[in-house]
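Here's the structure, in structure tokens; my notes come after.
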Amino acid sequence: MKDIVVNFTLNGRQCKKLVPANKTLLRFLREDMYINSVKEGCNEGECGACTVLLDGHPVNSCLVLAAELEGKTVLTVEGLTDDDRLHPIQEAFIEAGAVQCGYCTPGMIMSAVACLNLYGHPTREQIRKEMEGNICRCTGYTRIADAILLSVEKMDAIVAEQGADVAFRGIDKNFVEKWNASYEVK
């Protein structure tokens, strides 16, 4: 198979790389871009350990070819931190005890970001639905849902303190509008 040149954005950084036509995004991120948060679990798109956001949507990177990256944006857990400060979702996962062995955590966090992009202030039912593709053998799912709800509280507090123009890495640029529409910031 022929190698393909792709231009894409990874965690806010413009990249241009030559990739084998048959290499998965999972293998490409781990082997060529040294992104170690993206975990190889089932390699069949069933466990969610390899979840990343591709143009803002959660995807199983084991099912996407790196050659499909042309013009796209990839976000991994490494791209959530801002000036070495954890994202409110990452903080909430730690505080709520949603991190046990940690293997599934990066994929869970990326799915949580997508859930917040979709709903702003999700209910437990919406969280359950959006997290269906992520398997955790250690925590059960209550602490994970608790963490996502705690992250909502954390982001509410930041928006209330800093104003509606606050930006959260990985969160849709229309997030504050969705956020305010789904919840009245006091």
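One table, with the values for the structure above:
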item: Test: residue in the stretch 18-39 that is assigned to a strand (DSSP E or B) and under 21 Å from S111 (Cα atoms); result: yes
item: All positions within the stretch 156-186 that are more than 19 Å from P58 (Cα to Cα), modelled with pLDDT under 75 and surrounded by 12 or more Cβ atoms within 10 Å (Cβ to Cβ); result: V176, E177, W179, N180, S182, Y183, V185
item: In the stretch 84-118, residue farthest from A167 (Cα to Cα) [restricted to those that are of a type in the set (S, T, Y) and under 12 Å from the mean Cα position of the chain (by Cα)]; result: T105
item: Condition broken by E46, with the remaining ones in (1) of a type outside the set (G, A, S); (2) over 17 Å from T105 (Cβ atoms); (3) at pLDDT 95 or above satisfied; result: (3)
item: Candidates T123, T81 - the one that is within 17 Å of I171 (Cα to Cα), not charged (D, E, K, R) and not assigned by TED's automatic domain parsing to the domain that holds D55; result: T81
item: Filtered residues of the stretch 99-132 (kept if touching a helix residue (DSSP H, G or I) at 6+ places or on another chain (Cβ under 7 Å) and of a type in the set (S, T, Y)); result: T105, S111, Y119
item: Condition check for C62: over 13 Å from A147 (Cβ atoms) and part of a helix (DSSP H, G or I); result: yes
item: Pair list, Cβ under 8 Å, 6 or more apart: the stretch 145-171 residue among the basic types (K, R), other residue at pLDDT 90 or above and assigned to a loop (DSSP other than H, G, I, E, B); result: R169/G12; R169/L80; R169/H87
item: Residue count for the stretch 59-75, restricted to those that are crowded, with 24+ Cβ neighbours inside 10 Å and within 10 Å of the chain's Cα centre (by Cα); result: 1
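The values are calculated or read from the model by the stated rules, or taken from the named source; none is laboratory data. Just so it is clear, the structure is predicted and the values come from calculations on it, not from any experiment. Note that we place each Cβ from the backbone using ideal geometry, even for glycine, and neighbour counts take in every protein chain shown.
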